[in-house]
Amino acid sequence: MKKGICIALTVVVATISFAVFSVETHAETHVVKMLNKDPDNKKKRNVFIPSVLKIKPGDTVHFVAVNKGHNTQSIKGMIPKGAKTWRSKFSKDFKITFDKPGVYGYRCAPHYVLGMVGLIVVEGENWKANMAAAKKVKQHGRAKKIFNALWRELDKAK
Ligand SMILES: [Cu+2]
């Protein structure tokens with residue numbers, strides 16, 4: 001009888017450990033820093049680092065307000081159909097979990113025209129479905145130039 005309980009307990013513990021381990025390895029958290037200057041290139045001001053990020057469905061992006069005065073918000077027309085928009089408060093950290101595969105373009109509201117923009121790709125089935133539409137969104141100021149560079153970087157990463 002005691003042996004039976006012991007085996008049962010072992011099975012329960014093993015199952016729980018496996019479940020916890022699976023969850024931990026499944027979903028990841030990625031950090032994107034909101035910065036006044038790129039530490040690798042001081043000429044680049046007002047940046048998200050990394051500005052191109054590939055993640056898996058269920059992963060979380062943690063936007064870290066290293067410097068004040070920035071925020072992150074999705075750009076109209078640059079997220080997959082049915083995906084949730086976001087808009088963070090200025091100078092605050094912000095966490096968001098992505099479930100829908102696709103391309104997500106975002107910006108910092110006050111520094112958009114200065115080119116403070118970024119791309120997140122959520123990999124998975126048909127993730128390129130909204131890419132052409134996202135590329136077609138009209139950009140202004142320096143954001144246009146930066147997005148062109150980010151699209152090229154994304155193409156290289158494939
Ligand atoms: Cu900014």
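The values are calculated or read from the model by the stated rules, or taken from the named source; none is laboratory data. Note that this is a predicted model, so its numbers are computed, not measured. Glycine gets a Cβ as well: all are built from the backbone with ideal geometry, and neighbour counts include every protein chain shown. Ligands, DNA and RNA are excluded from the accessible area calculation, which covers all protein heavy atoms including side chains. Shrake-Rupley method; radii C 1.70, N 1.55, O 1.52, S 1.80 Å.
No other residue among Lys76, Lys92 is surrounded by fewer than 12 Cβ atoms within 10 Å (Cβ to Cβ) and at pLDDT 95 or above apart from Lys76. Going by the structure shown, is Phe147 at pLDDT 95 or above and more than 12 Å from Lys54 (Cα to Cα)? Spelling it out, Phe147 is indeed at pLDDT 95 or above and more than 12 Å from Lys54 (Cα to Cα). Of the residues making up segment 92-111, those that are within 10 Å of the ligand (Cβ to nearest atom) and more than 21 Å from Ala132 (Cα to Cα) are Cys108, Ala109, Pro110, His111.
Residue-wise test of (1) open to solvent by 70 Å² or more (accessible area, probe 1.4 Å); (2) aliphatic (A, V, I, L, M); (3) out of contact with any strand residue (DSSP E or B) (no Cβ under 9 Å at 6 or more places or on another chain); (4) at positive phi.
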{"residue": "Gly69", "(1), (2), (3), (4)": "no, no, no, yes"}
{"residue": "Ala83", "(1), (2), (3), (4)": "no, yes, no, no"}
{"residue": "Arg87", "(1), (2), (3), (4)": "yes, no, no, no"}
{"residue": "Val117", "(1), (2), (3), (4)": "no, yes, no, no"}
{"residue": "Gly124", "(1), (2), (3), (4)": "no, no, no, yes"}
{"residue": "Val137", "(1), (2), (3), (4)": "no, yes, no, no"}
{"residue": "Phe147", "(1), (2), (3), (4)": "no, no, no, no"}
{"residue": "Arg152", "(1), (2), (3), (4)": "yes, no, yes, no"}
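All of (1) away from the ligand (no atom under 12 Å from the Cβ); (2) open to solvent by 40 Å² or more (accessible area, probe 1.4 Å); (3) out of contact with any helix residue (DSSP H, G or I) (no Cβ under 6 Å at 6 or more places or on another chain); (4) under 21 Å from Asn46 (Cα atoms) hold for Gly141 with one exception: (3).
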